[in-house]
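A quick write-up on the structure given underneath.
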Amino acid sequence: MKKVLVLLAAAALLASPAFGAVRNSKHDLSSSSTATIKSTNIDEVCVFCHTPHSGATGLLAPLWNRSIPGGSIAAADLYNSATLDQTNSNPSTVVGAVNNSDAPLCMSCHDGASLTDPLLNPPASAGNVQPAGLSNVTGNANVFGDTLRNDHPIGMDYGAVQAADTAGFNAETTANVDVGGLPLYTANGVMWCSTCHDVHGQGGGDPFLNMSNAGSALCTTCHIK
Ligand code: HEC
Ligand code: HEC
Ligand code: HEC
Ligand code: HEC
């Protein structure tokens, strides 16, 4: 009986598609996706973001298949407020960190203008043609325009912010690596979009979040409130 159960479990594992989390999510733009926004001619999933060869250079991104819109994000376009008082959150000090984060990658679709841009390396499987049938998302919360001014700040060295305000923030769990399982990036432990989000939909929270935000659990992983 035990053996049968083990075999059944193994069969179930083999049967589940390896790309289950992206597949049919809103980040699946393949022609057979169940998402609303998708191409009409390319039935690959990863290709809308990644390419095995000839990807974008100069970005801290794995094998990126898209151009980056509008060059760089300017300091004036970053979040700022009278109460955002840590030097590590001041736009003039973090603009480089934001441009080297994953934000430009997300903005290559979420700026409301670049989703329809050509892929750097269109798939051979489709005859090296560019995606057809895509249209830019407009008029909803998924479109950020070309600024991040009214979006949660990113680009901060989380450990430095926390050290200056230990009553306001929980300490990093592993220095420069994570806070409560939320990943920090580069050698300094900087916050990116992917600190909160999992673009592949494997993080366990909606929408594409690294954890459920029920009871604001995501927010209170960092903020002591
Ligand atoms: C909508 C865009 C998008 C799609 C579609 C996508 N990815 Fe990604 N992927 C990203 C981004 C952005 C990152 C960088 C994540 C980060 O900032 O941590 C990434 C990172 C990765 C990484 C390295 C880091 C990690 O998470 O292991 C791998 C491997 C990867 N993707 C594989 C895939 C595969 C395989 C597919 C298709 C089944 C796929 N991705 C589909 C955007 C995408
Ligand atoms: C290849 C284009 C592309 C890239 C790159 C991309 N997205 Fe998206 N994303 C989309 C589309 C298309 C939607 C669906 C928009 C809609 O239906 O209004 C979406 C939706 C979302 C949603 C909302 C999901 C929901 O269930 O409502 C989140 C959150 C999101 N993306 C985060 C990110 C983050 C974070 C990154 C970068 C790490 C990223 N995306 C990169 C195309 C992209
Ligand atoms: C501090 C955590 C955090 C960071 C950092 C963050 N997000 Fe989000 N994001 C969220 C949460 C939480 C939601 C869900 C909001 C809701 O449903 O009310 C969300 C929602 C979204 C949505 C869906 C539209 C909406 O407003 O609900 C998109 C698209 C998105 N984020 C993209 C991004 C991009 C791109 C970045 C980086 C520039 C980013 N996020 C950085 C936490 C974050
Ligand atoms: C990974 C850690 C982390 C998570 C998760 C997180 N934050 Fe933050 N948040 C920060 C840091 C760091 C700052 C910058 C604080 C500073 O430098 O003053 C910040 C800034 C803010 C600010 C701006 C305060 C100001 O003075 O203008 C608000 C508001 C905020 N966060 C709310 C939220 C909410 C709501 C959530 C959940 C949706 C959330 N945060 C999730 C780390 C986080």
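The values are calculated or read from the model by the stated rules, or taken from the named source; none is laboratory data. Keep in mind the model is a prediction, meaning the values are calculated, not measured. For neighbour counting, all protein chains shown are included, and Cβ atoms are generated from backbone atoms with ideal geometry for every residue, glycine included.
Summary table
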| item | result |
| --- | --- |
| Residues that are touching a strand residue (DSSP E or B) at 6+ places or on another chain (Cβ under 6 Å), surrounded by fewer than 19 Cβ atoms within 10 Å (Cβ to Cβ) and at negative phi, drawn from segment 38-82 | G55, A56 |
| Test: residue in segment 211-223 that is of a type outside the set (K, R), away from ligand 1 (no atom under 15 Å from the Cβ), in contact (Cβ under 8 Å) with a residue 60 or more places away in the chain and within 28 Å of V22 (Cα to Cα) | yes |
| Qualifying residue in segment 93-100 (condition: within 16 Å of T51 (Cα to Cα), modelled with pLDDT of 85 or more and either touching an Asp or Glu at 6+ places or on another chain (Cβ under 8 Å) or part of a helix (DSSP H, G or I) (or both)) | no |
| Criterion violated by P52 - all others in (1) within 21 Å of I154 (Cα to Cα); (2) without any contact (Cβ under 8 Å) to a residue 24 or more places away in the chain satisfied | (1) |
| Qualifying residue in segment 47-55 (condition: touching a Phe, Trp or Tyr at 6+ places or on another chain (Cβ under 6 Å) and farther than 20 Å from A97 by Cα) | yes |
| Number of the condition not met by E172 [criteria: (1) touching a residue at least 24 places away in the same chain (Cβ under 8 Å); (2) over 20 Å from the mean Cα position of the chain (by Cα)] | (1) |
| So S194, is it at pLDDT 95 or above, crowded, with 17+ Cβ neighbours inside 10 Å and out of contact with any helix residue (DSSP H, G or I) (no Cβ under 6 Å at 6 or more places or on another chain) | yes |
| Selection status of G155, in a loop (DSSP other than H, G, I, E, B), under 16 Å from the mean Cα position of the chain (by Cα) and more than 26 Å from V95 (Cβ to Cβ) | no |
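Conditions tested, residue by residue: (1) in a loop (DSSP other than H, G, I, E, B); (2) away from ligand 2 (no atom under 15 Å from the Cβ); (3) among the β-branched types (V, I, T).
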{"site": "A171", "(1), (2), (3)": "yes, yes, no"}
{"site": "A187", "(1), (2), (3)": "yes, yes, no"}
{"site": "S194", "(1), (2), (3)": "no, no, no"}
{"site": "V199", "(1), (2), (3)": "yes, no, yes"}
{"site": "Q202", "(1), (2), (3)": "yes, no, no"}
{"site": "M211", "(1), (2), (3)": "yes, no, no"}
{"site": "G215", "(1), (2), (3)": "no, yes, no"}
